[in-house]
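As structure tokens, the structure follows; a few thoughts come after it.
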């Protein structure tokens, strides 16, 4: 298995639609950077958010098998404020089509990590496709801002032998997601 450099990512994005829309260089002027980097791609979050608000609904425990959607508040805007010691869900601007012989790892950007914000580390499995739903946690006792249409995380691409069973083959529950998707069983 090998990590793939910028020229491979560019080719896969432009010739095979792996990342849409694709930004061919890193944009940095006055924003948290996004776009193609040396060995990855810095993704953005859209202006759609779901803010976890535990006082809503009958929530006594957070359960991934039975998540109470009433505990989330929908919000649209250029900036989202994450409550102290809470989290939001957001979707990426970019739509991904991961090739059968590729797996990715998505890691949070250091600009946010240095402020106590954590982006959940997640893989994009072989032949997974869709907009990514990201979880962003505010570990601080203060409200924290995230910015729509700016960088939030970096995706690293690893190429290897194709697996016997891809995400598409097993009909994964998050295949083809288009909006912010809550946990599914």
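A few remarks follow.
- Annotation for residue 135 and residue 1: the two label points, set 7 Å from Cα along the Cα-Cβ direction, are 2.1 nm apart.
- Full-extension gain in nm, residue 78 to residue 181, via 0.36 nm per residue minus C-alpha separation: 35.1 nm
- Model label zone, residue 33; criterion: amide N under 14 Å from point 7 Å along Cα-to-beta-carbon; scope segment 107-129: 109-112
- For the chain, adding -39500 (n - 2.57) for each run of n ≥ 4 DSSP H residues and dividing by the number of residues yields -2000 deg cm²/dmol at 222 nm.
- Sorting 72, 18 by the number of Cβ atoms found within 10 Å of their own Cβ, with the fewest placed first, yields 72, 18.
- In a fully extended conformation the segment linking residue 107 and residue 142 would gain 10.3 nm over its present Cα-Cα distance, using 0.36 nm per residue.
- Ascending count of other beta-carbon atoms within 10 Å, so fewest first, for 3, 180: 3, 180
- When each of 23, 178 is scored by the number of other beta-carbon atoms lying within 10 Å, the sequence from fewest to most is 178, 23.
- Whole-angstrom gap from segment 1-36 to segment 115-132, using each part's C-alpha centre: 16 Å
Each reported figure results from applying straightforward, stated rules to the coordinates on display, with no laboratory input. Everything numeric in this text was worked out from a predicted model, so none of it was measured. FYI the Cβ positions are ideal-geometry reconstructions off the backbone, even for glycines, and counts take in every protein chain you see.
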